[in-house]
């Protein structure tokens, strides 16, 4: 069993971008996913082209920033996405999403990636909203339309980035021991496990968009540690 570490939130801000870039070039992060509607999007695209970064996918968004399309079922009165990281409760107890608008919006985000960053390697989503069961038909159609693998795609019958997915490297679990314990649990298996991560430096833009800040620095330190780089656990 080998680990694939993906850095989410590429494009959120310049500091996030530099943190992800350094974790890819000097650590165990092997892929990243780009948000195309964020303040740092074009800066991330520059880093991709200037450094010929590979394994960059799309981080589809419905819960932060503004949409690329006129998607009224997805937005609030200010034109921002109306959902938050508590989207499941919000959707279960409030207005539903128009799935046609979701597909149009996510298609527009994927097309923007093509325009600014080339061919995406895969896609996933901010706050894992693509794993929300009612959106599965949209995810399947986009995976087939663009011939792209998806984070945990095997759970809904489409091509997957890895054999398994783990989102536990977060908050208090951020440590070298997290990887050591996970490896001990799975070392006799074959295949790959994708692990979500959020390495970053901090700037005012990140502080404006996310409450998850100092933890990103902690993730960066772990993911660039000598112990992990020498472990042999990573694909």
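The values are calculated or read from the model by the stated rules, or taken from the named source; none is laboratory data. Here the structure is a predicted model, which is why all the values come from computation and not from measurement. Virtual Cβ from ideal backbone geometry, glycine too; neighbours counted across all protein chains shown.
Number of residues in region 36-47 that are surrounded by fewer than 21 Cβ atoms within 10 Å (Cβ to Cβ) and free of Cβ contacts under 8 Å to residues at least 60 places away in the same chain: the value is 2.
Of all residues in region 153-183, those that are over 15 Å from residue 58 (Cβ atoms) and in a loop (DSSP other than H, G, I, E, B) total 10.
The single condition among (1) surrounded by fewer than 17 Cβ atoms within 10 Å (Cβ to Cβ); (2) within 25 Å of residue 91 (Cα to Cα); (3) touching a residue at least 24 places away in the same chain (Cβ under 8 Å); (4) touching a strand residue (DSSP E or B) at 6+ places or on another chain (Cβ under 9 Å) that residue 154 does not satisfy is (3). Looking only at region 6-22, decide whether some residue is buried (at least 22 other Cβ atoms within 10 Å of the Cβ) and over 16 Å from the mean Cα position of the chain (by Cα). No, the conditions are met nowhere in region 6-22.
Which one of 85, 78 is out of contact with any helix residue (DSSP H, G or I) (no Cβ under 9 Å at 6 or more places or on another chain) and either loosely packed, with under 14 Cβ neighbours inside 10 Å or modelled with pLDDT under 95 (or both)? Quick ask: steps written out before the conclusion?
Values: 85 fails: out of contact with any helix residue (DSSP H, G or I) (no Cβ under 9 Å at 6 or more places or on another chain).
One residue alone meets the criteria, 78.
Just wondering, is there one or more residues in region 26-35 that are without any contact (Cβ under 8 Å) to a residue 60 or more places away in the chain, touching a helix residue (DSSP H, G or I) at 6+ places or on another chain (Cβ under 6 Å), buried (at least 24 other Cβ atoms within 10 Å of the Cβ) and not in a helix (DSSP H, G or I)? Scanning region 26-35, I find at least one residue that is without any contact (Cβ under 8 Å) to a residue 60 or more places away in the chain, touching a helix residue (DSSP H, G or I) at 6+ places or on another chain (Cβ under 6 Å), buried (at least 24 other Cβ atoms within 10 Å of the Cβ) and not in a helix (DSSP H, G or I), so the answer is yes.
Any idea which of 94, 79, 118 is in contact (Cβ under 8 Å) with a residue 60 or more places away in the chain and farther than 16 Å from residue 139 by Cβ? Even if it seems obvious, please write down each step before you answer.
On the way: 94 fails: in contact (Cβ under 8 Å) with a residue 60 or more places away in the chain; 79 fails: in contact (Cβ under 8 Å) with a residue 60 or more places away in the chain.
On inspection, the qualifying residue turns out to be 118.
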